[in-house]
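Some notes on the structure that comes next.
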Amino acid sequence: MRTVMLAFIAVMLCAAPLAAQQQGDIGYTPSKENLEAREWFQDAKFGLFVHWGVYATIGKAEWVMHNDKIPIARYQQQADRFNPVKFDADEWCRMVKDAGMKYITITSKHHDGFAMFDSKISDYDIVDRTPYGKDVIKQLADACKRNGLKLYFYYSQLDWHHPDYYPRGRTDIWYTGRGDNGDWYSYLDYMDTQLSELLTQYGPIGGIWFDGMWDKPEDDWRLSRTYRLIHDLQPAAMVGSNHHRQPYPGEDFQMFEKGLPGKDPFSKGGHVSALPLETCETINNSWGYNATDYNYKSVKDLIQYLVKAAGNNANFLLNVGPKPDGAIQDEFKERLAAMGAWLRENNESVYGTRGGPIAPQSWGCTTHKDNMVYVHVLSAEDQAVALPDFGKKIKKAELLSGGKVEYEQSDKGTVIVLPETGRNEYDTVIRLTVAD
Ligand code: JFZ
């Protein structure tokens, strides 16, 4: 018996590196609540990404500690200047709802390691280290509840501050002042503790948006343990990670950065999974507040991004980097308001839909819901668009804004003639009612 046990243990030990490589929890079966949360997420379509932290006081976005080689001791002093007296969580929520967004994903801790919530395991957080002294995540969680919005937490696994984030990865930075040693598994314990805090101190949350594993992708991140911890604490909470790889077991959604699924600059292509999808993008070219980044995308670009995401069966997570005083700059607010105005007119072609049935085309894309297909024509110059056959008989075609649309369907496909009037400069939406 003893030898059998020893042999078994030996086999298990040999299997361990393989398990580490696999990273995820092979035995993961999402709960009923989790599957429902995924449906809610896919119906919601549009969310606000918020990159906010001590870095906002410098105004050079969230990588400034790394880019400007700021040692920890000096970076910490910036916390003394972080006093967001203009932060008003209800006002943020109002802005989000007016934009037609259904959820917020906020940085609870970015790569700088500074917690924007009241962490008990560390005093490197907003409550203990800033003159403001209040937990902004708590205020936002309460406001989201009042406003019917879901709240997700971005959490950086990469940490430029914690001494046990060692061995360090691609962004290894000598100037931080950390020693050349550290206990990796202690760091992972610390991370799990902070995640437990996020999952127990703020009521039901939407999920965790991980980032930073790409800093050293081959290390043992103990993902299965961390993911299980999250699912045990809140079965409905969705786990996703911006690792730019095939989703690992235990993940509930897949995200893409700065591009449509599979077309983002980080994907090597071809790894779009069957999980709910999300793509994130900035309004200018920065995630965190950048005082000199004036490269704002137009309302047209942003609306078309959202529509293309929907046509590709993905959500759109659009980012703002609030200022150090807690205000959101007018250039962002104006664009969000304009998107909301467009969405109020066109909401049924976006919310609750799924991508397709026709693959995205050069002129635009399609979404569908029940027996409706929404044809989104994004190129306003087109006189007509050709749809490949999608196996359904069209019973009626009309502009979503009102008015009949001429079309001709054959077994090869359908030609839709775009009316002269009723065209929309961002997206002309044609609703097709199709037979079952
Ligand atoms: C990451 C963050 O670094 C960035 O600050 C922001 O939060 C964004 C949403 O996510 O962006 C990345 C991710 C991966 C790499 C670089 C930036 N990478 O693989 O080099």
Some residue of segment 115-136 being open to solvent by less than 10 Å² (accessible area, probe 1.4 Å), within 16 Å of the ligand (Cβ to nearest atom) and at pLDDT 95 or above: yes
ILE208, sole failed condition from (1) in contact with a helix residue (DSSP H, G or I) (Cβ under 7 Å, 6 or more places away or on another chain); (2) in a loop (DSSP other than H, G, I, E, B): (2)
Residue ranges of strands (runs of 3 or more DSSP E) in segment 301-395 with at least 1 members at pLDDT 95 or above, more than 29 Å from LYS86 (Cβ to Cβ) and within 18 Å of the chain's Cα centre (by Cα): 314-320
Tabulated pairs, segment 39-62, first open to solvent by 10 Å² or more (accessible area, probe 1.4 Å), second among the basic types (Lys, Arg), C-beta under 8 angstrom, 6+ apart or interchain: TRP40/LYS150; GLN42/ARG354; THR57/ARG81
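Consider segment 423-436. How many of its residues are open to solvent by 40 Å² or more (accessible area, probe 1.4 Å) and in a loop (DSSP other than H, G, I, E, B)?
Narrowing segment 423-436 to residues open to solvent by 40 Å² or more (accessible area, probe 1.4 Å): 423-426, 431, 436.
Still in the running and in a loop (DSSP other than H, G, I, E, B): 423-426, 436.
Count: 5.
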Test: residue in segment 202-215 that is open to solvent by 30 Å² or more (accessible area, probe 1.4 Å), within 16 Å of the ligand (Cβ to nearest atom), modelled with pLDDT of 95 or more and on the phi < 0 side of the Ramachandran plot: yes
Residue match in segment 149-167 (condition: at positive phi, open to solvent by 10 Å² or more (accessible area, probe 1.4 Å) and at pLDDT 95 or above): no
Conditions (1) touching a residue at least 40 places away in the same chain (Cβ under 8 Å); (2) within 30 Å of LYS145 (Cα to Cα); (3) touching a Ser or Thr at 6+ places or on another chain (Cβ under 9 Å); (4) not in a helix (DSSP H, G or I): number failed by HIS231: (4)
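Kindly establish whether GLU398 is at pLDDT 95 or above, open to solvent by 50 Å² or more (accessible area, probe 1.4 Å) and touching a Leu at 6+ places or on another chain (Cβ under 9 Å).
Details: at pLDDT 95 or above: yes; open to solvent by 50 Å² or more (accessible area, probe 1.4 Å): no; touching a Leu at 6+ places or on another chain (Cβ under 9 Å): yes.
Answer is no for this residue.
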Residue in segment 265-303 that is nearest to the ligand (Cβ to nearest atom), counting only those that are open to solvent by 40 Å² or more (accessible area, probe 1.4 Å) and under 21 Å from GLY207 (Cβ atoms): PHE266
Residues being assigned to a strand (DSSP E or B) and out of contact with any helix residue (DSSP H, G or I) (no Cβ under 9 Å at 6 or more places or on another chain) - total across segment 269-289: 2
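The values are calculated or read from the model by the stated rules, or taken from the named source; none is laboratory data. On a predicted model such as this, the values are computed, not experimentally measured, just so you know. Positions of Cβ are backbone-derived with ideal geometry, glycine not excepted, and every protein chain shown enters the neighbour counts. The protein model used for the area step is the full one, side chains on, heavy atoms only, and it has no ligands, DNA or RNA in it. Shrake-Rupley method; radii C 1.70, N 1.55, O 1.52, S 1.80 Å.
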